[in-house]
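Asks: Would you mind keeping the following structure in view while I ask a few things?
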Amino acid sequence: MSWSLDPHHTAVSFSAKHLGVATVRGSFNQVTADLELDDPNDPTTGRGTVTIQAASISTNSEQRDGHLKGADFLDAEKYPEIVFTLKSITPEGDHYKVTGDLKIKETSRELTLDYEHSGSVVDPFGNTKVGGTLTGTMNRSDWGLTWNVPLGGGGLLVSEKVKLEIDGELTLDKPAVVEPAAIAAGANA
């Protein structure tokens, strides 16, 4: 079964330490997905890809966002998409491990995140929805994101570790409805 990401109920967020003392939080505001899920109550039946538009990054600082979009970090003009390709989902206690290949710029590396499944439901409009939350960390230098400024005392301006939190809601794609008049017109052609 094919599912679409609901952009109004999905958030791709991250955080990193600044100067080792403050947490900078950000998000990506343009995310799409090509996903298949055979059983909405069994996440292990999922497969597909999630695509993030690198230029949609937002940290509530125009200057910082410009730097993150530039060549020192995401180089969004040259590499407009960040892509996560799902490889496996495995149960682990009361949650799941989601493993996939994350491609940022020219580097693709495996990343495993924890997934808490929130279940499935039919909304008041008859749409089947499924959702959950992915969390984890990545070392940004593993993807070639190495820009930094050393500080006195051995610290760095931007932490190596980046925390990720992705809340997602999917909607089951409904088959296209062919109007009876269109069927009759096709039969008469």
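The values are calculated or read from the model by the stated rules, or taken from the named source; none is laboratory data. Just so it is clear, the structure is predicted and the values come from calculations on it, not from any experiment. Virtual Cβ from ideal backbone geometry, glycine too; neighbours counted across all protein chains shown. To get the accessible areas, we keep the full protein, side chains included, count just its heavy atoms, and leave off ligands, DNA and RNA. Shrake-Rupley method; radii C 1.70, N 1.55, O 1.52, S 1.80 Å.
Asks: Write out, first by first residue and then by second, each pair whose Cβ atoms fall under 6 Å of each other, whose residues are 6+ apart or on separate chains, and whose first residue, in the range 136-157, is hydroxyl-bearing (Ser, Thr, Tyr) while the second is open to solvent by 70 Å² or more (accessible area, probe 1.4 Å).
Replies: Close Cβ pairs satisfying both conditions: 137/161; 137/163.
Asks: Taking residue 23 and the conditions (1) within 14 Å of residue 168 (Cα to Cα); (2) in a strand (DSSP E or B), which numbered condition does it fall short on, given that it satisfies the others?
Replies: Looking at each condition in turn, residue 23 falls short on (1).
Asks: Residue 48: on the phi > 0 side of the Ramachandran plot and not in a strand (DSSP E or B), yes or no?
Replies: For residue 48, the condition - on the phi > 0 side of the Ramachandran plot and not in a strand (DSSP E or B) - is not met.
Asks: Additional query: Could you count how many residues in the range 153-165 are under 14 Å from residue 15 (Cβ atoms) and either open to solvent by less than 40 Å² (accessible area, probe 1.4 Å) or touching an Asp or Glu at 6+ places or on another chain (Cβ under 6 Å) (or both)?
Replies: 4
Asks: In addition: Which count do you get for residues in the range 1-59 that are buried (at least 17 other Cβ atoms within 10 Å of the Cβ) and either more than 20 Å from residue 164 (Cβ to Cβ) or aromatic (Phe, Trp, Tyr) (or both)?
Replies: Of the residues in the range 1-59, 5 are buried (at least 17 other Cβ atoms within 10 Å of the Cβ) and either more than 20 Å from residue 164 (Cβ to Cβ) or aromatic (Phe, Trp, Tyr) (or both).
Asks: Still on this structure, please answer the following. Please name all residue pairs, on different chains or six or more residues apart, with Cβ atoms under 7 Å, provided the first residue is in the range 68-97 and is part of a strand (DSSP E or B) and the second residue is open to solvent by 40 Å² or more (accessible area, probe 1.4 Å) and of a type in the set (Lys, Arg).
Replies: Every condition considered, the pairs that remain are 82/103; 83/103; 86/47; 90/97.
Asks: Looking at the range 7-22, I want the residues that are free of Cβ contacts under 8 Å to residues at least 40 places away in the same chain and have a partner that is polar (S, T, N, Q) with Cβ atoms under 9 Å, at least 6 apart or on another chain. Which pairs are those?
Replies: So the pair list comes out as 7/29; 7/30; 7/32.
Asks: Another one. Could you grab me the full set of residues in the range 101-152 that are open to solvent by 40 Å² or more (accessible area, probe 1.4 Å), in a strand (DSSP E or B) and aliphatic (A, V, I, L, M)?
Replies: 121, 122, listed by residue number.
Asks: Please pick out the residue among 28, 14 that is touching a helix residue (DSSP H, G or I) at 6+ places or on another chain (Cβ under 7 Å) and within 18 Å of residue 135 (Cα to Cα).
Replies: 28
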